[in-house]
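The values are calculated or read from the model by the stated rules, or taken from the named source; none is laboratory data. These numbers were taken from a predicted model, which means no experiment stands behind them. FYI the Cβ positions are ideal-geometry reconstructions off the backbone, even for glycines, and counts take in every protein chain you see. Keep in mind that these areas ignore ligands, DNA and RNA; they rest on the heavy atoms of the full protein, side chains included. Shrake-Rupley method; radii C 1.70, N 1.55, O 1.52, S 1.80 Å.
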Amino acid sequence: GRIKTVVQPEDFASRSVGQILDEAAFVLVNAVWFKGAWQNGLKKENTASKPFHVDETTTTAAPMRQKRGDFLYAEDEDFQFLELPYQNFTYSMYVLLPRKPAAVETWLPKVTQDSLLKMMSAALERSVDVVLPKFESRCHLDAMEMLQSMGVREAFDREAANFDWMIHKRREAFRIYISTCVHEAWMSVEEEGSEGAAATSATHRSIGCVAKAPRDPVLFQADHPFLYLIVHNESRSILFSGWLSDPREQAGNRE
């Protein structure tokens with residue numbers, strides 16, 4: 001029930017012209033759902049409304065939770081990195097926080113696979129004062145343009161697409177091609193943990209971190225835009241990834 005609708009009636013509209021038949025044949029849906037409780041819970045009584053800096057000039061209010069605990073932590077000249085494990089350490093949320101408040105588009109290009117893996121590998125167990133907003137977001141994306149920019153083109157071409165090895169059809173039947181590809185995602189991060197639902201698949205990356213912690217606590221104050229990933233630790237699969245740019249963009253409002 002978290003994602004109510006993936007396809008719309010208009011997705012099945014006929015595209016036939018004259019004697020050329022072009023009709024919807026079938027829909028393929030791939031979905032994943034996750035709900036996890038924090039290993040070290042963030043208590044509701046430690047939640048209060050505090051400033052959230054959307055960028056260098058814009059500030060709004062957001063419900064922020066505060067928690068001190070031992071977490072895997074790393075930092076460099078641009079970012080702070082924190083691992084927040086879920087119960088039994090099967091899954092974790094990784095948070096990448098820029099050093100200074102800034103709009104997402106100004107710092108996101110610096111986040112590459114190599115830079116992220118380097119930060120994760122350097123993480124040490126530290127005593128950390130965590131300040132994290134409670135948020136909920138939803139997004140709907142047309143994925144065709146993204147996939148085509150990555151090189152997936154023939155699948156969307158009615159003349160070139162070839163799915164014959166995947167589909168049993170009559171020899172004289174018309175060619176199957178992909179006419180629409182959408183991605184729908186919903187995420188909620190609460191005091192008790194996180195819940196998310198999405199269509200489409202996960203990305204696999206190698207992640208490793210280890211170590212003993214210095215005792216002095218560090219401050220991880222996520223009161224400005226940040227990147228987050230929910231990871232299955234054993235397989236190193238990224239189940240969800242996204243960024244919070246403005247806590248006012250609650251699910252169903254601006255996204």
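Some notes on this structure:
- Some residue of segment 34-51 being open to solvent by 100 Å² or more (accessible area, probe 1.4 Å), touching a residue at least 24 places away in the same chain (Cβ under 8 Å), in a strand (DSSP E or B) and over 25 Å from R99 (Cα atoms): yes
- For the residues D78, D55, the requirement of being without any contact (Cβ under 8 Å) to a residue 40 or more places away in the chain, open to solvent by less than 70 Å² (accessible area, probe 1.4 Å) and touching a helix residue (DSSP H, G or I) at 6+ places or on another chain (Cβ under 9 Å) singles out D78.
- Screening the candidates T106, T60 for the property of being touching a strand residue (DSSP E or B) at 6+ places or on another chain (Cβ under 9 Å) and assigned to a helix (DSSP H, G or I) yields one hit, T106.
- Some residue of segment 90-103 being outside any loop (DSSP other than H, G, I, E, B), more than 20 Å from I238 (Cβ to Cβ), touching an Asp or Glu at 6+ places or on another chain (Cβ under 8 Å) and at pLDDT 90 or above: no
- Every pair of residues 6+ apart whose Cβ atoms lie under 7 Å, when the first sits in segment 165-176 and is of a type in the set (K, R) while the second is assigned to a loop (DSSP other than H, G, I, E, B) and modelled with pLDDT of 70 or more: R175/R158; R175/A161
- Residue list for segment 120-140, restricted to those being outside any helix (DSSP H, G or I), under 21 Å from the mean Cα position of the chain (by Cα) and surrounded by fewer than 15 Cβ atoms within 10 Å (Cβ to Cβ): C139, H140
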